[in-house]
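What follows is a single structure, written as structure tokens, with notes after it.
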Amino acid sequence: MEVNTYIHSLHKILFQWECYSPRQQKIALLALLIFTAFYSTGAYDPLDPNGNITIKWDVVSWTPDGYVAVVTMNNFQMYRHINSPGWTLGWSWAKKEVIWSMVGAQTTEQGDCSKFKGNVPHCCKKTPIVVDLLPGVPYNQQFSNCCKGGVLASWGQDPTSSVSAFQVSVGLAGTSNKTVKLPKNFTLLGPGPGYTCGPAKVVPSTVFLTPDRRRKTQALMTWNVTCTYSQFLASKNPTCCVSLSTFYNDTITSCPTCACGCQNKHNCIKSDSKLLHKEGINTPKKDNTPLLQCTHHMCPVRVHWHVKINYKDYWRVKVAVTNFNYRMNYTLWTLAVQHPNLNNVTQVFSFDYKPLVPYESINDTGMFYGMKFYNDLLMEAGPFGNVQSEVLMKKDKDTFSFKQGWAFPRKVYFNGDECQMPPPESYPFLPNSSPVGYGPVTKFTTSLLILILWFMW
């Protein structure tokens, strides 16, 4: 549901509030609070409200028994990419369609094609599963923007690498705009769960420019599928956590205990274990099961924010990202941070940086990512499993403060997933100053408190 639709529903209920009986008011409030609590864990991302993956089907020619389509996948998410082993796309055919051939991708199974004589289709399954081809495939199997092993960069990091495409020849299908039935029940893994895809919708046909850019051609038919990401669907626990420290306090605020759940506590490895020298210890499993270093937080990734130096007109922060997973290295990693002073970044020393401005009037969010061929690869856990940089920011004398935890980030996202922050009362505080008070309570907690009070009347 779109945000403005939700707000419209809220306004409608509040406008008619006096018309409801006390019992109806309680039911309405209960529904609103539950919806608000779960809506916050849904596919809407406040730091990237328009982020999605759009899958476009362009029919470029009709065949005697179907059509040829170019399928293009665009990652419009600012800081969430798809890493190795890459995307997996699935759908259900509306009728009894088959795939005669594919260029730039392949299905994982052929299915039962025993009824065909002579030419045998590439795939006869009702629900085909498609994956990208690997780099280095023969030239006659390649298609533009294909063959990257399913890896898609985020739009904010590298727009030219955020596209993947393949060509598919469909048979036993409609042969005109009126007889084609759109595929349905689209699914997308990137590479794990988390994406929810809407239905295919016919849109105005795509217009193409010829290589000399002097002539325009047009797809015979085009439909789009939009897929959005929900961290709540991807994992029941966070996948990263944040620790904090400062130059003015010796206290180091660690990640919360079991910040990412402790289900892997019995299968972790200590940093000095002899098992780390065993051959194949860093080989990923097919199901991507992590092998974590034993820590109190049990997170695959930790982000450390250190307030390092205070100058007259500037202040400096050191940011370090550490990998605790022995079976995973992170290519094209991204780190999104929300802090009010990111509106005045003077210099970032060894990361690339890009402001994220989803709302034009607010500039408090930025994306850090590795420099190409230098530190854009976060290695697996071990001596090389970390990347770090320093950020110099100019002070705004009207807002700058080291009090009440102002110098620490409000939110941190690693690879598009929000990291678990420590509780505000544990933040390092200025000497001769009281600890930071409790920060804003989550929507879910607020909802429960209001419900309890309401039903106690």
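Read-outs: derived from the displayed coordinates by stated rules, not from any lab. Here the structure is a predicted model, which is why all the values come from computation and not from measurement. Every residue, glycine among them, receives a Cβ derived from its backbone with ideal geometry; neighbour counts consider all protein chains shown.
Of all lysines in the structure, those lying under 26 Å Cα to Cα from K115, and not within fewer than 8 positions of it along the same chain, are K95, K96, K125, K126, K181, K184.
Once the C-beta distance of F373 and K312 is scaled by a Förster radius of 30 Å, the resulting FRET efficiency is 0.25 to the nearest 0.05. For a straight C-alpha distance cut-off of 17 angstrom, the aspartates and glutamates reachable from K394 (same-chain residues fewer than eight places away being disregarded) are D313, D364. Annotation: aspartates and glutamates with alpha-carbon distance below 15 angstrom to K312 (same-chain offsets under eight excluded): D396, D398.
Rounded to the nearest Å, what's the spacing between the alpha carbon centres of the range 269-293 and the range 113-151? Just the number, please. After rounding, the separation between the Cα centres reads 33 Å. With the charge dipole of the range 52-233 set up from +1 on Lys and Arg Cβ and -1 on Asp and Glu Cβ about the Cα centre, the Cα lying farthest toward the positive end among the listed residues Q218, P85, G111 is that of Q218. Remark: the N267-Q347 segment gains 24.7 nm on full extension, using 0.36 nm per residue and subtracting the alpha carbon distance.
Net charge in the neighbourhood of G194 (other residues with Cβ under 11 Å of its Cβ; Lys, Arg +1, Asp, Glu -1) is 0. Relative contact order of the range 52-233: 31 percent, from C-alpha pairs under 8 Å at least 6 residues apart in sequence.
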